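Undergrad: I'd like to ask you about the structure that follows.
Read-outs: derived from the displayed coordinates by stated rules, not from any lab. Quick caveat, the model's predicted, so the values are computed rather than measured. When we count neighbours, we look across all protein chains shown, and the Cβ atoms used for this are built from the backbone with ideal geometry, even at glycine.
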Amino acid sequence: MARLISILLFLSLLQLCPKFIVSLTDEPGSASFVFGDSLVDSGNNNYLQTLSKADIPPNGIDFKASNGQPTGRFTNGRTIADIVGEQLGQASYALPFLAPNTTGAAILNGVNYASGGGGIVNGTGAIFVNRIGLEVQVDFFNTTRKQLDEVLGEEKAKEFLMKKSIFSVTIGSNDFLNNYLFPLISATVRLNQSPDAFIDNLISTLKTQLTRLYSLDARKFVVGNVGPLGCIPYQKSITRVNENECVSLPNQLAVQYNAQLRELLADLNKNLPGARFLLANVYDLVMEVITNYKSYGFKTASVACCGNGGQYAGIIPCGPTSSMCDDRSAHVFWDPYHPSEAANLVITKYLVDGGTKYISPINLRQLRDL
């Protein structure tokens, strides 16, 4: 009888304290904590009053997990973060931080904090009214960090973050497109800051936030540089360049920022004990796909599949009234700003298993296995 009472008491404690179920019976697998902008947003902006949303069709039309319904992802299917998680063996996609079900054991797959319109500096994306910048995203992770202690216990939570979790940061494009280069505000910004000063501020702010994540036990990082912004359908449409041309100024600024980012990550690798910072060379990788699009099975690297306006359908964002291409897998770009799922698959292949030209000093699979 005493033995039965002990068993019943133990089971009741498990019900009262779910963290024991995880720590005693389950060994958490790999997890992905995702920070960034609309390139990797998995639905956080659905919960904001914002002009930057992808919760309307035909966004998500090829996203099998939702049966083709929009989820807030700014593409026709999976984002790069989704595909990376799949290929590294993650049990399910990292849920948006703002989703009400992102609690308890669900956070052991990781959490997505990315927000369409968000940037490195707080002022970026103000034209969208609401968005989550990098500083607030890291604040949100601080909340998750405390929840992990509750779910796993302090010691296991720290080990889980240091050894089994990858922290990906995909941000910076909006700081140029919707800040320094945005037609309505760029004149004032450029008057107050030279390109050098603006980029210095981006790098300094990014360093602060990456260091904050390190202080919260993040150890395995992959940071994407800024892609060739002058080659997206939006920039090509508003400047009316030829199909085989890109707009020079956005690309020049991206190259300048990327050079400083490489130096920053090298510095962090040197000065933060136990940390591994990988550089995802998105600029050269996307340029490779754009330049040699036919060899990857695409029919165009200039025209958006879903959008309207201009030669490249790059002025009006994708929505229910937009024109949409017949073969989504034939387009590098889904809409005026974002790659298609087909392009994301090509990009991810290089990041997960590729060589040092596009992901360095090691690739993502090697980072996971450290």
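Undergrad: Rounded if a/c is under 1.5, else prolate if a/b is larger than b/c, else oblate: which is the range 63-107, with a ≥ b ≥ c the root eigenvalues of its Cα gyration tensor?
TA: Details: a/c = 1.98, a/b = 1.19, b/c = 1.67.
Judged from the Cα gyration tensor, the range 63-107 comes out oblate (a/c at least 1.5, b/c at or above a/b).
Undergrad: Ok, one more. Note the angle between two axes, namely the Cα long axis of helix 282-291 and the longest principal axis of the Cα atoms of the chain, as a number of degrees from 0 to 90, rounded to the nearest 10.
TA: Orientation of helix 282-291: about 50 degrees from the principal axis.
Undergrad: Along the charge dipole of the range 138-275, which of 253, 233, 143 sits closest to the positive end, that is, farthest toward it, with unit charges on the beta carbon of Lys, Arg, Asp and Glu (+1, +1, -1, -1)?
TA: Value: 143.
Undergrad: Say a site is exposed when it is one of the trypsin sites (Lys or Arg not before Pro), sits in a DSSP loop, and has at most 16 other Cβ atoms within 10 Å; what is then the longest site-free stretch of the chain?
TA: Details: sites that count: 240, 299, 357.
Counting only loop sites that pass the neighbour cut-off, the longest clear stretch is 1-239.
Undergrad: Which percent, nearest 5, of DSSP beta bridges in the chain are antiparallel? Don't skip to the answer; put the middle values down first.
TA: Details: 6 of 26 bridges.
Roughly 25 percent of the beta bridges in the chain run antiparallel, per DSSP.
Undergrad: Now for a separate question. In whole Hz and in residue order, list the ³J(HN,Hα) couplings for the range 208-221 that follow from phi through the Karplus curve 6.51 cos²θ - 1.76 cosθ + 1.60, θ = phi - 60°; x for Gly and Pro.
TA: Running phi through 6.51 cos²θ - 1.76 cosθ + 1.60 with θ = phi - 60° gives 4, 6, 5, 5, 4, 4, 4, 5, 9, 5, 6, 10, 9, 10 Hz.
Undergrad: From the helices alone, meaning DSSP H stretches of at least four residues, give me the mean residue ellipticity at 222 nm for the chain, per-run term -39500 (n - 2.57), in deg cm²/dmol to the nearest 500. Display every interim value, and only then the final one.
TA: Working: 12 runs with 148 residues, N = 370.
Value at 222 nm, helices only, nearest 500: -12500 deg cm²/dmol.
Undergrad: Still on this structure: Mind sorting 327, 55 by how few other Cβ atoms lie within 10 Å of their own Cβ, fewest first? Write out the running numbers ahead of the final one.
TA: On the way: 327 10, 55 15.
With the sparsest Cβ surroundings first, the list reads 327, 55.
Undergrad: Three principal axis extents, largest first, for the C-alpha atoms of the range 124-172, in Å?
TA: Result for the range 124-172: principal-axis Cα extents of 42, 19, 11 Å.
Undergrad: Continuing with the same structure: Angle between the Cα long axis of helix 134-152 and the longest principal axis of the chain, 0 to 90 degrees, nearest 10?
TA: Here the helix axis deviates by roughly 20 degrees.
Undergrad: Something else: Any chance you could give the angle, 0 to 90 degrees and rounded to 10, that helix 341-353 forms with the longest Cα principal axis of the chain?
TA: So the helix axis and the longest Cα principal axis differ by about 60 degrees.
Undergrad: Just the projected area, averaged over all directions, of the convex hull on the alpha carbon atoms of the range 98-159: how many nm²? Don't jump to the answer; show the numbers that get you there.
TA: Values: hull surface 18.5 nm².
Seen from a random direction, the Cα hull of the range 98-159 projects 4.6 nm² on average.
Undergrad: Now for a separate question. I'm checking a number: the convex hull volume of the Cα atoms of the chain, normalised per residue, in Å³. What is it? Mind showing how you got there, number by number?
TA: Working: hull volume 50.4 nm³, N = 370.
About 136 Å³ per residue, rounded to a whole number.
Undergrad: Here is a further query. Hey, what D do you get for the range 246-370 in µm²/s if you plug the Kirkwood alpha-carbon radius into Stokes-Einstein at 10 °C and 1.306 mPa s? Present the calculation step by step, with values, prior to reporting the outcome.
TA: Numbers: Rh = 16.2 Å.
This corresponds to a translational diffusion coefficient of 98 µm²/s.
Undergrad: Also, quick follow-up: I need the per residue convex hull volume for the range 327-370, using only the alpha carbons, in cubic angstrom as a whole number.
TA: On the way: hull volume 3.4 nm³, N = 44.
Looking at the range 327-370, the number lands at 78 Å³ per residue.
Undergrad: I need the fraction of alpha carbon pairs in the range 259-330 separated by more than 17 Å, rounded to a whole percent. Write out the running numbers ahead of the final one.
TA: Values: 1595 of 2556 pairs.
In whole percent, the long-distance tail amounts to 62.
Undergrad: For the range 189-286, what is the Kirkwood hydrodynamic radius in Å, using each pair of distinct C-alpha atoms?
TA: For the range 189-286, the Kirkwood estimate is 14.9 Å.
Undergrad: In addition: Which value, to two decimals, describes the C-alpha radius of gyration of the range 31-112 once divided by 2.2 N^0.38 Å?
TA: Details: Rg = 11.9 Å, N = 82, 2.2 N^0.38 = 11.7 Å.
Scaled against compact globular proteins, the figure is 1.01.
Undergrad: Send over the Kirkwood Rh of the range 82-197, from the inverse of the averaged 1/r over different Cα pairs, rounded to one decimal Å.
TA: Averaging 1/r across every pair of different Cα atoms and inverting gives 16.0 Å.
Undergrad: Okay, next question. Could you name the lysines whose alpha carbon sits less than 22 Å from that of residue 220, not counting residues in the same chain fewer than 8 places away?
TA: Partners found: 146, 156, 158, 163, 164, 207, 270, 349, 357.
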